[in-house]
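Scroll down for the structure; my scribbles are underneath it.
The values are calculated or read from the model by the stated rules, or taken from the named source; none is laboratory data. Just so it is clear, the model here is predicted, and its values are computed rather than measured. Using ideal geometry, Cβ is built from the backbone for each residue, glycine included, and neighbour counts are taken over all protein chains shown.
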Amino acid sequence: MSDNPAQTSRSGPAPFLVVGALLLAGLLLLVTQSGILSDRQVDRSPIGVQALGAWLDANDIAATNSHPRLSPAVADLSFRVLPLYDTNLVRFDADRDGDPADAETMRDITAANLRTKLDEIPTLVLLPKWNGAMIETEVAHEQSLIPLARIEALTRQLDLAGVEMVRGVAEFYEDRQGGHDLALFHAQVFNPSTLPDGCRAEVPYGLGALVASCTLAGANHRAYFASDPDILNNHGLAVADNAAYAVRLLTDLRGTDANPIYIDRSPDLLTRMDRVDERQEYDRGFEELERFFEYPFTLFWAALLIVLAMLFWRGALRFGPLRQAAGQGRNISKRAAIAAKARLLRLSGNDGRMVSDFVRAQLQDLAHRSFGRDLGSEAEARFLALLARRDPDLARDFGASARNLIDNAPGMAPVQLNRALGQYHSLLTKVVEHHGPV
Amino acid sequence: MRPSRRLVALVLALAAATVLIGVFRLDGGVMAGALWAVLVVVAICDLALSHAAKTLQVEADLPSTGYVGHTVTLDGRIASRRRSLPRRIEIRLTHDGKLAPETETSIETPRPGQAEVAFRLALVLRERGVGHLSRLSLRYGSALGLFEVLPTWPLDLSIEIVPDVAPVLNGEIQSQMLPLLDGLKDMKLRGEGSEFHQLRDFQPGMDPRSIDWKRSARMRDLVARETRAERNHQIILSVDSGHLMAERIGKLRKLDHAINASLALTWAGALGGDNVGFFNFASRPQQFIPPRPGRRAFGHVQKRSIELEAETAETNHTLGLTHLNGVLNRRSLVVVFSDFVDSVTAELLVENLAVIARQHLVLYVVLRDPELDSLMRPTDISMGRIAEAVSARQMLQERQAVLDRLRRLGILCLDTTPDRLTAGLISRYIDIKSQELI
């Protein structure tokens, strides 16, 4: 028995499920492996710098936030603010497996990339201060602080060997800088006396230096290091006059260059690799086009034109009238209505009940043909009795098969139903042969 | 004339060869040109050897009238001024929707040396009105088969397609009415009707109650009264021409079947001595032809029915049947040819037939689609077929429910297939006459 519609309807949702599962898996993979979510979480946390760009824009200072996929040209930028969330530049992804609250590395960056960033344009590096607990709890607690020893180890990797860090107690320390009250919680400063040669304190803060600048070998600009990231991060900007001071600090540091300040939240470089030999300029003129009309292309075009002309000639002339549109609406409406109803019956998923109804109706039809209408519930029994007088075995088998389908078809599995229907049909064929058409 | 498939294949092969020459030979232009030149020369020779369309003459003739649903023959002749005809000639006709050739393309194969060939094309007359043949197209191949010649000739032949009155003309109706006319039918009522017809000599075997004792005493011999069915009854043929009647069953639309049966009944009514009127309704009541003695009515009904076309609007049974009820002034047999879709849409039809049945005898004629029966009894048992059978059965059951309801209201129903319609209707008319139901 052919059962194509059933197969089609059953296999209907399967492709969508597979595609949906693949899409879900792809999205999960994208989210979990690309670190997009964790990156955004860092930027929005109290230790992130998402607010800085908006704040600078509000003060008419052009600022560009880094984008995961789009990179501006270095020449279009004046100054870079680079928050570091990595305490070890030579170890990759060290803390990802542990408790996020204890993580000291939230965004890995390599020493080579950091050095390149420092070489490109004047850059203010915000040294790390808080660990992952600050992101998770958003509470500035003593236990969320990264130990100073780790930060000092990081300064050694930044060619600031020997510099000492000093950290304040658990309260806000306020100092006035450039007419603004600058307040920092657990203020973290450089010990100015320990700054290496070539470095100098740019912004004093209490007894220490909040921002230091150093000369870079082979570069014509200096690199700046902020000992405490809270002067520019989300939670620090909201404290005292820090925000106003941040504007002034960045304006001073970038100097006269009016290009945007780049808030670099990405560990990647702006230009990954400079391949000057890949781009070639070609001079394209009409000679290039003319080559398509020289031998052997002339042959190809000529053959193509002849073939097209021949096909068009044949297609343009028709033998006899246009064919009428198949099946006018009125003539096929009843057939279409039956087909639509049949399809709805199949889609309702009650094949068993449908078969049961069909077999009962066929039995009644046989009885009507033998005894006339209006027999009621006795029709089936009277017909089987009539059949039994002619062929008892056939009547017994046919009656049992029909009764089985009428009673049990709704609960049968599709394979079982098909088998029972096949048996019923072969018996029905024998009955019809004996008894006349159904 | 257009290129044949053979020429197109040759051109494609030559184009492929040209491309190969262009790819593999540096100076293949001449070679490729030579190949194409050979083809051109062969094509010109082919054209020179072929039969030119100008040398052919075509004549065709079509009968001036035909009955709808019947097949007429287009007789024609193709002659050549040269001594022979092409070996194989295909013929197609351009026609309107009222005609349809039985085969789309007919093929004539003249013998070699035969300069003239006659053809006969069967045309099915599908709709009433004037059918038009506008063009005759021929197709034959050239001598080498590189071209197909497609000459056409304007025909401008028309045929008037009238309702099928063949049963009237060939005596079929008369022979069916003979039992009623000559008393051969086995009457249910004693006396074969209540209207006095004549006196006959009493013969042994005749019903003694038919003896007219008063006249027997006067004639001194036993004479019996012979009665016959009452005459001069009114028969109103009421034909619905709404959109449902435009559905095609078999070759004809339901409306055409109804008109054919109406004309047959008109003729039978004439033979039975009754007066026949005609009424037509669709979205609103249309023409009413008052009852006239049968043979005079036949001409009027025939003339009106030729013009009758199915509307695209739904039938308004209330308006139509109420109007009819208003114009009838004495008890009549109202034969309603109409259709319905399901029990819900038939509500108004049932209500209005019940109203009209209070004063008149109503015979409701509805056509059954044999295709529904075949759908209900599928030969192969697949789930799709069973679903169609169940849905077709539901449709038929709804139909049957409406007819049962009409019967309970005392309305006579004739539910039959188109091929049995005329005979069934006449038979029912004879029954009504013999039972004196009017």
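Quick notes on this one:
Conditions (1) under 25 Å from B:L157 (Cβ atoms); (2) away from chain A (no Cβ under 11 Å), marked per residue:
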site	(1), (2)
B:S50	no, yes
B:R81	yes, yes
B:P101	yes, no
B:L123	yes, yes
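- Hey, B:L49 buried (at least 16 other Cβ atoms within 10 Å of the Cβ) and either in contact with a His (Cβ under 9 Å, 6 or more places away or on another chain) or in contact (Cβ under 8 Å) with a residue 24 or more places away in the chain (or both) or not: no
- Restricted to region A:223-249, and to residues there that are touching a Leu at 6+ places or on another chain (Cβ under 7 Å) and among the charged types (D, E, K, R), the residue that is nearest to A:V166 (Cα to Cα) is A:D228.
Here is a yes/no grid of residues against (1) in contact with a helix residue (DSSP H, G or I) (Cβ under 7 Å, 6 or more places away or on another chain); (2) closer than 23 Å to B:S305 by Cα; (3) surrounded by fewer than 15 Cβ atoms within 10 Å (Cβ to Cβ):
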site	(1), (2), (3)
B:H197	no, no, yes
B:F202	no, no, no
B:G205	no, no, yes
B:R218	no, no, yes
B:H233	no, yes, no
B:L237	yes, yes, no
B:L244	no, yes, no
B:N260	yes, yes, no
B:T266	yes, yes, no
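- Taking the criterion of being in contact with a strand residue (DSSP E or B) (Cβ under 8 Å, 6 or more places away or on another chain) and part of a helix (DSSP H, G or I), the residues of region A:201-244 that qualify are A:P229, A:D230, A:I231, A:G236, A:N242, A:A244.
- Answer residue from region B:87-117, given it is in a loop (DSSP other than H, G, I, E, B) and within 23 Å of B:V162 (Cβ to Cβ) and is nearest to the chain's Cα centre (by Cα) among those: B:K98
- Taking the listed residues A:V166, A:V189, the one that is closer than 24 Å to A:D252 by Cβ, surrounded by fewer than 21 Cβ atoms within 10 Å (Cβ to Cβ), over 40 Å from the mean Cα position of the chain (by Cα) and of a type outside the set (F, W, Y) is A:V166, with no other qualifying.
- Exclusive hit being exposed (fewer than 15 other Cβ atoms within 10 Å of the Cβ) and farther than 30 Å from B:K251 by Cβ, set A:A420, A:A367, A:A336, A:A400: A:A400
- Residue in region A:20-27 that is more than 12 Å from the chain's Cα centre (by Cα) and at pLDDT 80 or above present: yes
For every residue, the table says whether it meets (1) crowded, with 21+ Cβ neighbours inside 10 Å; (2) more than 14 Å from every other protein chain (Cβ to nearest Cβ).
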position	(1), (2)
B:P293	no, yes
B:A297	yes, yes
B:R304	no, yes
B:L324	yes, yes
B:F340	yes, no
B:S382	no, no
B:Q400	no, no
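- Residue ID - farthest from A:L317 (Cα to Cα), chosen from residues in region B:124-176 that are touching a Phe, Trp or Tyr at 6+ places or on another chain (Cβ under 7 Å) and assigned to a helix (DSSP H, G or I): B:I173
- Complete set of residues in region A:216-237 that are small (G, A, S), surrounded by fewer than 18 Cβ atoms within 10 Å (Cβ to Cβ) and in contact with a helix residue (DSSP H, G or I) (Cβ under 8 Å, 6 or more places away or on another chain): A:G218, A:A219
- Residues in region A:287-303 that are surrounded by 12 or more Cβ atoms within 10 Å (Cβ to Cβ) and more than 7 Å from chain B (Cβ to nearest Cβ): A:F297, A:T298, A:W301, A:A302.
- Taken as a whole, the condition of being touching a Ser or Thr at 6+ places or on another chain (Cβ under 8 Å), under 22 Å from A:L89 (Cβ atoms) and of a type in the set (K, R) applies to A:R222.
- A:L347 vs. criteria under 47 Å from the mean Cα position of the chain (by Cα), within 30 Å of B:E247 (Cβ to Cβ) and more than 9 Å from chain B (Cβ to nearest Cβ): yes
- A search for C-beta distances below 6 Å between a residue of region A:166-185 that is in contact (Cβ under 8 Å) with a residue 40 or more places away in the chain and in the same structural domain as A:V247 (by TED's automatic domain parsing) and any residue that is of a type in the set (G, A, S) and part of a strand (DSSP E or B), counting only pairs 6+ apart in sequence or on different chains, returns A:V166/A:G208; A:F172/A:A183; A:E174/A:A183.
- The test for being surrounded by 14 or more Cβ atoms within 10 Å (Cβ to Cβ) and either assigned to a helix (DSSP H, G or I) or at pLDDT 90 or above (or both) does not hold for A:R389.
- The listed residue being closer than 24 Å to B:D415 by Cβ and modelled with pLDDT under 90, out of B:L263, B:L252, B:L321: B:L252
- Scanning region A:349-382 for residues that are among the basic types (K, R) and assigned to a helix (DSSP H, G or I) returns A:R353, A:R360, A:R369, A:R382.
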